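Only one structure is covered here, and it is reproduced in the block below.
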Amino acid sequence: MTGSVMKISWSECLCLILLLLQQTTVSTLESFEVLGPADPVVAVAGEDVVLPCYLKPNISAVDLSVEWFRVQTKDPLVHLYRDHEDRNEKQIPSYRRRTSLFPEELRNGNTSLKVKNLRGSDNGEYKCLVQSGKFYDDSSIEVLIKAVGTQPVISIEGYKEGGISLVCESKGWYPQPQVLWMDSEGHSLPAGHTETHTDSMDLFILRRRVIVQETEINRFTCRVLQEDLNEIKETMTEIPGEMFHRAHPWKVTFAVIFSLAAISLKLCPVRIDTKDTDKSRLTAVSDSMCLIFISLSTELLKAQRYAVDVTLDPDTAHPKLVLSEDRKQVRYGDTWQDLPDNPERFKRRIGVLGKEGFSSGKHYWEVQVGDKTDWTLGVVRESINRKGDFELNPSGGLWALRLGSGKYRALTDPRVSLHLSVKPQKVGMYVDYEEGQVSFYSVQTRSHIYTFTGYKFTEKLYPYFSPGFWYRSENLAPLIISPVSHTD
């Protein structure tokens with residue numbers, strides 16, 4: 001009897017030991033900490049980032065559930081790993097195809113998340129939650145996105161409220177910076193509200209207008225200030241005093257009487273016919289305006305130094321486009337031409353490319369648009385989608401200016417409306433490949449229209465021409481490329 005009792009006791013003891021061992025193993029599997037970085041993760045828009053997250057002890061996470069999500073957002077899922085696979089059916093759409101774990105590292109307790117091609121909207125707080133059965137733990141991670149934008153571009157919009165309206169634009173910023181207008185002494189100028197948009201990367205595009213009055217120096221500065229990043233970018237412009245006379249018509253008459261001494265500087269010749277007093281005054285006024293055009297045309301003259309001979313490539317032309325024999329003119333035709341559907345030809349977009357492409361250097365050409373009511377001019381990258389639709393903006397591979405429905409627009413994302421006081425008859429286009437710049441000019445007024453800047457070109461660029469549709473008798477005229485010898 002005693003022996004029998006001893007056997008049962010040892011058996012029960014063995015079972016108890018095994019049970020304790022099992023509970024200890026389960027406890028080891030289910031008890032862990034989720035650790036993340038103590039400091040925010042600072043990352044640059046457009047680049048990739050790894051959000052660190054680890055288990056302590058570093059047990060395998062292969063059989064566990066790993067969930068990454070945004071804090072305080074509706075439908076917050078960023079990435080979900082469960083049952084040995086990614087389960088991202090309910091993932092936030094903006095993260096699709098941009099997130100991944102490190103499968104080989106899961107066995108080492110590494111549950112870090114890689115996010116590719118960062119956007120401004122990725123800024124914020126994340127949680128890394130790891131679960132085993134009913135046990136779970138999480139860690140919070142703050143991500144700070146930064147992006148330093150482009151150099152501000154200043155454009156003259158025209159005359160308004162007795163002064164000259166200037167607009168400053170800068171893009172590609174995160175977080176949102178301040179835009180300030182200052183006079184020649186660095187004093188802040190009262191300006192309009194800052195217009196804010198976002199691009200395809202959720203980075204900020206900013207524009208701010210100011211109406212300036214004539215001063216002794218007429219020097220004005222647009223400053224973009226991002227204090228969090230300790231970044232300042234600014235651009236200065238000088239406006240000839242003569243331009244303000246058109247804002248105040250009475251000053252023109254005043255200038256006729258008292259500006260002969262200034263005109264005698266011979267920046268422009270003064271022709272005075274003493275036999276005709278009225279004609280003398282008109283001649284003096286006309287010649288004094290030359291001072292304005294000399295200043296305005298400096299930028300255009302620099303671009304025209306790089307004039308190149310551009311011809312149209314018939315192999316790229318949409319079948320409804322008609323090209324001239326010398327490949328210098330293109331218009332929209334009323335019939336679909338029977339042309340080979342070669343890979344280079346546009347099939348959906350009504351466009352044609354220049355024969356010559358640019359992969360470096362500076363290039364300038366001019367196109368006569370006349371009184372056409374619909375056209376698009378610019379450059380495209382070589383890999384543009386020629387058989388289907390593509391976005392009409394730089395993200396789609398197009399840097400262009402467009403006239404349509406009576407409005408001029410720069411095809412940015414979103415589009416920028418341009419208020420031109422004089423309708424361009426001939427448009428000049430300038431490309432600086434290394435600087436990532438595409439500029440447009442009104443040749444007859446020798447004025448700047450718009451500049452795309454701050455881009456990094458990695459492909460060959462080709463001039464792009466679209467003469468637009470024609471309705472009834474409207475818009476029938478062709479786009480005409482000026483020969484190099486005829487650039488104004």
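The values are calculated or read from the model by the stated rules, or taken from the named source; none is laboratory data. Note that the structure is a prediction, hence the values are computed from the model and not measured. Note that each Cβ is placed from the backbone with ideal geometry, even for glycine, and that neighbours are counted across all protein chains shown. Areas reflect the complete protein model, heavy atoms only, side chains present, ligands, DNA and RNA absent. Shrake-Rupley method; radii C 1.70, N 1.55, O 1.52, S 1.80 Å.
Do the conditions hold for Arg82, that is, is it closer than 27 Å to Ser31 by Cβ and in contact (Cβ under 8 Å) with a residue 12 or more places away in the chain? Walk me through it before giving the result.
On the way: closer than 27 Å to Ser31 by Cβ: yes; in contact (Cβ under 8 Å) with a residue 12 or more places away in the chain: yes.
Yes.
When the stretch 173-224 is filtered for residues that are open to solvent by less than 40 Å² (accessible area, probe 1.4 Å) and without any contact (Cβ under 8 Å) to a residue 24 or more places away in the chain, the ones remaining, listed by number, are Ala191, Gly192. The condition of being open to solvent by less than 80 Å² (accessible area, probe 1.4 Å) and either under 16 Å from Ser140 (Cβ atoms) or at pLDDT below 95 (or both) holds for Ser31.
Show me the strands (runs of 3 or more DSSP E) found entirely inside the stretch 399-468 where at least 1 residues are among the aromatic types (Phe, Trp, Tyr), touching a strand residue (DSSP E or B) at 6+ places or on another chain (Cβ under 7 Å) and surrounded by 21 or more Cβ atoms within 10 Å (Cβ to Cβ). Break it down into steps so the answer makes sense when it comes.
Working: elements: 407-410, 416-418, 426-432, 437-442, 447-452, 461-466.
The strands (runs of 3 or more DSSP E) meeting that bar are 426-432, 437-442, 447-452, 461-466.
Candidates are the residues of the stretch 335-380 that are open to solvent by 10 Å² or more (accessible area, probe 1.4 Å) and of a type in the set (Gly, Ala, Ser); the one that is farthest from Tyr433 (Cα to Cα) is Gly370.
Please determine, by comparing only the residues of the stretch 35-67 that are of a type in the set (S, T, N, Q) and either assigned to a loop (DSSP other than H, G, I, E, B) or open to solvent by 60 Å² or more (accessible area, probe 1.4 Å) (or both), which one is nearest to Leu144 (Cα to Cα). Before you say what the answer is, go through the steps one by one.
If we filter the stretch 35-67 for residues that are of a type in the set (S, T, N, Q), which is where we start, we get 58, 60, 65.
Okay, now just the ones that are also either assigned to a loop (DSSP other than H, G, I, E, B) or open to solvent by 60 Å² or more (accessible area, probe 1.4 Å) (or both), so 58, 60.
On the way: Asn58: 27, Ser60: 30 Å.
So, considering only residues that are of a type in the set (S, T, N, Q) and either assigned to a loop (DSSP other than H, G, I, E, B) or open to solvent by 60 Å² or more (accessible area, probe 1.4 Å) (or both), the one nearest to Leu144 (Cα to Cα) is Asn58.
Pull up the stretch 163-172, narrow it to residues that are in contact with a Pro (Cβ under 9 Å, 6 or more places away or on another chain) and open to solvent by less than 10 Å² (accessible area, probe 1.4 Å), then point me to the one that is nearest to Val143 (Cα to Cα). Outline the logic, then answer.
Going residue by residue through the stretch 163-172, those that are in contact with a Pro (Cβ under 9 Å, 6 or more places away or on another chain) are 168-170.
Checking which are open to solvent by less than 10 Å² (accessible area, probe 1.4 Å) leaves us with 168, 170.
Values: Cys168: 30, Ser170: 24 Å.
Result: Ser170.
Residue under question is Val308, and the condition is that it be hydrophobic (A, V, I, L, M, F, W, C), within 27 Å of the chain's Cα centre (by Cα) and within 23 Å of Leu403 (Cβ to Cβ); does it hold?
On the way: hydrophobic (A, V, I, L, M, F, W, C): yes; within 27 Å of the chain's Cα centre (by Cα): yes; within 23 Å of Leu403 (Cβ to Cβ): no.
So Val308 fails the test.
Of note, Val322 does not satisfy the criterion of being modelled with pLDDT of 90 or more, more than 25 Å from the chain's Cα centre (by Cα) and under 27 Å from Glu169 (Cα atoms).
For the stretch 122-147, the tally of residues that are within 30 Å of Lys171 (Cα to Cα) and buried (at least 17 other Cβ atoms within 10 Å of the Cβ) stands at 8.
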